[in-house]
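*Asks:* Handing you this structure, nothing more for now.
The values are calculated or read from the model by the stated rules, or taken from the named source; none is laboratory data. Just so we're clear, the structure is a prediction, and the values are computed from it rather than from any experiment. Cβ placement follows ideal geometry from the backbone for every residue including glycine, while neighbour counts extend to all protein chains displayed.
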Amino acid sequence: MSEPLILGIESSCDETGVGIVRGTTLLANEVASSVEEHVRFGGVVPEVASRAHLQAFVPTLRRALAAADVDLGDLDGIAVTAGPGLMGALVVGIAAAKALAAATRTPLYGVNHLVGHVAVDVLEHGRLPGGSVALLVSGGHTSLLRVGDIATDVTEIGSTIDDAAGEAYDKVARLLGLPYPGGPVIDRAAADGDPSAISFPRGLTGPRDRQRHRFDFSFSGLKTAVARWVETRERDGLDVPVADVAASFQEAVCDVLTAKAVDACAAVGSDRLLIGGGVAANSRLRGLLEERCAAAGIALRRPRPGLCTDNGAMIAALGAQVVERGLPPSPADLGADSGLPVSRILV
Ligand code: KG4
Ligand code: ZN
């Protein structure tokens, strides 16, 4: 087979994504989001997300096929997110993928959502040479990974011991009275603020932590520090300078993420860093990584912001890498695994 034509289906959270790729070329990337339905609850409601996937799937698939000018019968494989994610939401995508695979007699590949966030970069910067470090920063996960081969060999070298980076953004936005999802809103608010206005803590960066948690993260102390700071201002009858709080919080998050990512490259002996996940769309994280990677002689690969948040193209991109390696399709009884570890790339 030359370059495999792969359909990717993503339904792990609140975006219904259908992407189509040929090898490392993106042909279509259609996303239907149910985020508006969750805003008034301040976070994703699993049951609402599952129903939205059920309604959005067929129209999103039709749009993707039309955009790529592809027929279902042309596909070499169908890739679907097998986990991690919300159980009910994953099940909708997997059921849809199984039905399509059976009807068109196309091999089905259940793949890892987290690895998909990193694999999507091949659509912009080509196939990935072995031996990279990846910083994965999403709403549910924050990890440093050693990527031997994107389809067969990914190991976690560190992760958050409490909140994920995106979760911290969402929680801090909430306590500042900003809407969900908090990441993009804080990113925008921070643009008008002073990142050095308030000195917030950098979790797990002290000398003792560096021994036990060199590549781990912690954001719950930072979230509490922001809450205390805001409470004190309010108690003293003072205005809360939202832009300065947003910028100072964001600086603390991005400082730690970039410092540990660059340190991991040095420890692993890699001169290449990849980033992926919703928080990888953050303007300050992208800027600071560019500066610090350049200073350390590390080549930085960052997918464009539109490919960082959940989408089907990332699942198709990983599916194509799996098919190119000649790996076997998933079994017919493929199920959803809400806690799928990042090292299980193909289920
Ligand atoms: O990867 P993703 O789309 O979904 C998960 O797999 O979790 O990540 C969603 C997370 C949310 O927490 C959202 O607030 C955050 O990514 N996010 C951002 C930005 N855009 C999305 N965080 C910081 N800055 C952004 N520009
Ligand atoms: Zn994600």
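*Asks:* Hey, any hits in region 268-276 for a residue that's assigned to a helix (DSSP H, G or I) and among the β-branched types (V, I, T)? Step through it out loud before you land on a result.
*Replies:* Of all residues in region 268-276, those assigned to a helix (DSSP H, G or I) come to 268.
Of the ones still in play, those that are also among the β-branched types (V, I, T) are 268.
Yes, because at least one residue in region 268-276 is assigned to a helix (DSSP H, G or I) and among the β-branched types (V, I, T).
*Asks:* Determine which member of the set R304, R286 is closer than 28 Å to I20 by Cβ, of a type in the set (D, E, K, R), at pLDDT 95 or above and within 16 Å of ligand 2 (Cβ to nearest atom).
*Replies:* On the way: R286 fails: within 16 Å of ligand 2 (Cβ to nearest atom).
Just a single option satisfies the conditions, and that option is R304.
*Asks:* Considering each of K223, K171 in turn, give the residue that is without any contact (Cβ under 8 Å) to a residue 60 or more places away in the chain, touching a Lys or Arg at 6+ places or on another chain (Cβ under 7 Å) and more than 20 Å from H117 (Cβ to Cβ).
*Replies:* Details: K223 fails: without any contact (Cβ under 8 Å) to a residue 60 or more places away in the chain.
Answer to the check: K171.
*Asks:* Give me the helices (runs of 4 or more DSSP H) completely within region 170-235, filtered to those with at least 2 residues that are within 16 Å of ligand 2 (Cβ to nearest atom), ordered by residue number.
*Replies:* Numbers: elements: 182-190, 207-212, 220-235.
Of the helices (runs of 4 or more DSSP H) lying wholly inside region 170-235, those with at least 2 residues that are within 16 Å of ligand 2 (Cβ to nearest atom) span 182-190.
*Asks:* Is it true that T60 is within 21 Å of V111 (Cα to Cα), surrounded by fewer than 19 Cβ atoms within 10 Å (Cβ to Cβ) and of a type outside the set (F, W, Y)? Walk me through how you get there before you give the answer.
*Replies:* Values: within 21 Å of V111 (Cα to Cα): yes; surrounded by fewer than 19 Cβ atoms within 10 Å (Cβ to Cβ): no; of a type outside the set (F, W, Y): yes.
So T60 fails the test.
*Asks:* Residues of region 20-40 being part of a helix (DSSP H, G or I) and either touching a strand residue (DSSP E or B) at 6+ places or on another chain (Cβ under 9 Å) or free of Cβ contacts under 8 Å to residues at least 12 places away in the same chain (or both), which ones? Working first, answer last.
*Replies:* Restricting attention to region 20-40, the residues satisfying the condition of being part of a helix (DSSP H, G or I) are 35-40.
Of everything in region 20-40, those that are part of a helix (DSSP H, G or I) and either touching a strand residue (DSSP E or B) at 6+ places or on another chain (Cβ under 9 Å) or free of Cβ contacts under 8 Å to residues at least 12 places away in the same chain (or both) turn out to be V35, E36, R40.
*Asks:* OK, next. For region 124-138: of the residues being touching a residue at least 40 places away in the same chain (Cβ under 8 Å) and farther than 11 Å from R301 by Cα, which is nearest to ligand 2 (Cβ to nearest atom)?
*Replies:* We begin by selecting, within region 124-138, every residue touching a residue at least 40 places away in the same chain (Cβ under 8 Å); these are 124-129, 131-138.
Then keep just the ones that are farther than 11 Å from R301 by Cα; that gives 127, 129, 131, 136-138.
Details: R127: 22, P129: 24, G131: 24, L136: 9, V137: 10, S138: 4 Å.
Going through the qualifying residues, I end up with S138.
*Asks:* I need a count of the residues in region 89-121 that are touching a Lys or Arg at 6+ places or on another chain (Cβ under 9 Å) and more than 12 Å from ligand 2 (Cβ to nearest atom).
*Replies:* Summing the residues that are touching a Lys or Arg at 6+ places or on another chain (Cβ under 9 Å) and more than 12 Å from ligand 2 (Cβ to nearest atom) in region 89-121 gives 3.
*Asks:* To continue, here is another question. Would you mind finding the one in L100, L90 that is within 16 Å of ligand 1 (Cβ to nearest atom) and either closer than 16 Å to I20 by Cα or more than 15 Å from the chain's Cα centre (by Cα) (or both)? Spell out how you get there, then give the answer.
*Replies:* Working: L100 fails: within 16 Å of ligand 1 (Cβ to nearest atom).
Of L100, L90, the one residue that is within 16 Å of ligand 1 (Cβ to nearest atom) and either closer than 16 Å to I20 by Cα or more than 15 Å from the chain's Cα centre (by Cα) (or both) is L90.
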